[in-house]
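Coordinate-derived values only; no laboratory data. A quick note: this is a predicted structure, and the numbers were derived from the prediction, not measured. Positions of Cβ are generated from backbone atoms using ideal geometry, with glycine treated the same way; all protein chains shown enter the neighbour counts.
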Amino acid sequence: MPFVVRSACIVVAIVAGGVTCAPTVRGPLTPADYPRTRPELTNYRETSHYSDVRNFLDSLRKLGAPLAFGSIGKTSEGRDIPYVIASRPLVSTPSDARALGRPIVYVQGNIHAGEVEGKDALLALLRDLTLSSKLNALDSIVLIAVPIYNADGNERFAPQSVNRTEQNGPEMVGVRPNAQNLDLNRDYVKAEAPETRASLAMFNAWDPDVFVDLHTTDGSFHGYALTYSPSLSPAAVFGGVYARDSLLPVVRERMRTRDGFEIFDYGNFLSDDGGLTADTSVHEGWATYDSRPRFGTNYYGIRGRIGILSEAYSHDSLSKRIASTYAFVNEILSLVAEKGSAVRSLTARADSQPLAWGRSPDSLQIVAIRSEIAAPHSMGVIREDLEKTGDSSLTQPGVPRGERRTGKFRTIRMPVYDRFRSTLDRTAPAAYIVAPQDTAVVTLLRLHGIRVDRSDSAWTARGETFVIDSVITAQRAFQGHHEVRLKGRWERGMQTLPPKSFIVSTAQPRGALAVYLLEPESEDGFTTWNLLDGDIRKGGRYPVTRIFDLSRRGRAVNRRSSASEPQPEQN
Ligand SMILES: [Zn+2]
């Protein structure tokens, strides 16, 4: 049990010839001794600044909370992005964490820095779990908390009416993008931001079983304190399905019965969004967002792990948003603690499946690389009625002028679109071959924790290349890119591979991710983000070749034994 330790200075002239300071222990720590977050200190009028987060963590350290502190890396403006490890017993390295044999849960706040409550809830939860003497989740899991991921965005404080127009306070909040104006929750494939690169390095080093990303909603007036989503990519066959069917329904029930919050699958009313897609006439229903891995929790599912998106309701007060986010994360931690062995075995299965691809040609080695929203099921969804005020007054921050909330909620039966289905599957080849000059591709693969080998000599192998029939480039720029889509066909035959070719075997734990990123027709792969633009033209061949077996491979030299080791670029 932590104790409050205060220094008392005593003159000990005879023994030491000077002044020394001895700690005096003032009995067990009580909640009155706990440090308080900035929202708690300001009656929820203000959110934490970067310095508040650092000071709060320091105050936990001074109280002797069992925490290990570090930085995942620096932002583009040079701020350290702090992380905290919490577990009992305390561990401070990935190998020590793995030795405990427990699930590792990585919780990230503040990726969109105007969406503030994840940061403040996570700080409060860290305090309450680590300073509590009672048995809790920290006795059965390892928690990695990254409370202020988009630290630069957090410090660009401006009025909520400017930075978060649909949010009920606080008055001053940060911005959505990082200091380079990149949306970090669209960056998980291309990894251009230093924050993304730092988080991928954390994923590779610690390999968390569960990743939770904390946000605030933007839109619809629904009746839920929080909405959530598992990984929506159909390629997330392990963590996505398990979170959707086994974890989140239990968390939802516990949030209702133990915490007093109604929660539901993330979505918006189609009537608010203008329809399901541009080319359908479906305008009634509740629909989730997107399945592509540019979004962190979707990405995490393709790594074979559990990703959970948390979206506190933007029209609730800050105090309620902090409370609901706190409860949601707390329930996830305790449920993962209870289901520790199931979560660990899911991780093991996800890692071993691609290894079987290499050994058994009959094993199911399909990866979904394109998707569409699946047929809905009918469910009751809670909606709040708004009413006109008759003038243009502002009734609550985040509510459109001239309208007010009524507090009248109705449960309406409607189609609920909460999952995606594959529209294009690809069989994993034994390996992809990347041309010797495409070192940027190799660097990014390694950043994603994918092992890449190199062949010393030229060799030939059975395989296929993709003939490009058309290159479709998006007219509009998005995150500084004109996204590319390829259409074409595969042609089989013996492939002659030049010396120094890079070899990406799919028989590795992140084999499915390698397939997703490298397939030319993937809806969110390296082609999408212009990494291969220099080698792509209509009528040409896609520069990454599929190889069916590696047995004829010449003297291929494995230059890298582990993806998590430092990997200087070779060329
Ligand atoms: Zn967000």
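Could you give P(r) for segment 390-538, binned at 5 Å from zero, as whole percent values over all Cα-Cα pairs?
Reading upward from the zero bin: 2, 7, 13, 15, 16, 11, 6, 5, 5, 6, 5, 4, 3, 2, 1, 0.
In nm, what is the difference between 0.36 nm times the number of residues separating ASN530 and ASP80 and their Cα-Cα distance? The partial results should precede the final answer.
Details: separation 450, 0.36 × 450 = 162.00 nm, distance 2.96 nm.
Fully extending the segment from ASN530 to ASP80 adds 159.0 nm.
Pull up the cross-link candidates among the lysines for LYS119, meaning alpha carbon to alpha carbon under 28 Å and not fewer than 8 places away within one chain.
Counting by Cα, and skipping residues close in sequence, LYS119 has these lysines nearby: LYS62, LYS74, LYS134, LYS190, LYS320, LYS339.
For the chain, what are the per-bin percents of Cα-Cα distances with bins 10 Å wide, up to the bin holding the maximum?
Reading upward from the zero bin: 3, 16, 26, 25, 16, 8, 3, 1, 0, 0.
Give me the tail of P(r) for segment 298-379 as a percent: Cα-Cα pairs with distance above 14 Å. The partial results should precede the final answer.
Working: 2573 of 3321 pairs.
Cα-Cα pairs of segment 298-379 separated by over 14 Å account for 77 percent.
Which value in Å is the Kirkwood Rh of segment 164-243 over different Cα pairs?
Answer for segment 164-243: a Kirkwood hydrodynamic radius of 15.4 Å.
To the nearest Å, what is the center-to-center distance of segment 160-207 and segment 361-428, using C-alpha atoms only?
Their Cα centres are 22 Å away from one another.
Which of the peptides 318-330, 55-67 is most tightly packed, and how do the rest follow, judged by the mean count of other Cβ atoms within 10 Å per residue?
Numbers: 318-330: 24.1, 55-67: 17.2.
Top of the packing list down: 318-330, 55-67.
Just the ratio, please: alpha-carbon radius of gyration of segment 74-233 over 2.2 N^0.38 Å, N its number of residues.
1.08
Report the calculated FRET efficiency for GLU372 and ARG197 (r = Cβ-Cβ distance, R0 = 22 Å), to the nearest 0.05. Intermediate values should be presented prior to the final figure.
Working: r = 31 Å, r/R0 = 1.41.
Given R0 = 22 Å and the Cβ-Cβ separation, E is 0.10.
Semi-axes, largest first, in whole Å: what does sqrt of 5 times each Cα gyration tensor eigenvalue give for segment 75-154?
Details: eigenvalues 122, 46, 16 Å².
Semi-axes from the Cα gyration tensor: 25, 15, 9 Å.
Taking 25 Å as R0, compute the FRET efficiency from the Cβ-Cβ separation of ALA342 and ARG258 and round it to 0.05. Before the final figure, lay out each step's value.
On the way: r = 21 Å, r/R0 = 0.83.
The calculated FRET efficiency here is 0.75.
Tell me the GluC sites (Glu not before Pro) within segment 144-197 that lie in a loop according to DSSP and have at most 12 other beta-carbon atoms within 10 Å. Before the final figure, lay out the partial values.
Numbers: sites: GLU155, GLU166, GLU171, GLU192, GLU195; in loops: GLU155, GLU166, GLU171, GLU192.
Those that pass, being in a loop and sparsely packed, number zero.
Using unit Cβ charges (K, R positive; D, E negative) and no other charged atoms, how large, in debye to the nearest 20, is the dipole of the chain about its Cα centre?
Values: 69 positive and 65 negative charges, 268 e Å.
Roughly 1280 debye for the chain.
Please list 3J(HN,Hα) in residue order for segment 231-237, calculated via the Karplus relation 6.51 cos²θ - 1.76 cosθ + 1.60 where θ = phi - 60°; whole Hz, with x for glycine and proline.
Karplus-based 3J(HN,Hα) across segment 231-237 equals 4, 9, 5, x, 7, 8, 6 Hz.
Using a simple spin-label model with points 7 Å from Cα along the Cα→Cβ vector, what separation in nm is obtained for GLN396 and GLN475?
Each label point lies 7 Å from its Cα, and together they span 3.9 nm.
Separation between the LEU135 and GLU491 pseudo-spin-labels, each 7 Å from Cα along Cα→Cβ, expressed in nm?
Placing both labels 7 Å along Cα→Cβ, they lie 6.6 nm apart.
Run the quick spin-label model on LEU41 and SER95: label points 7 Å from Cα toward the beta carbon, then report their separation in nm to one decimal.
So the two model labels end up 4.0 nm from each other.
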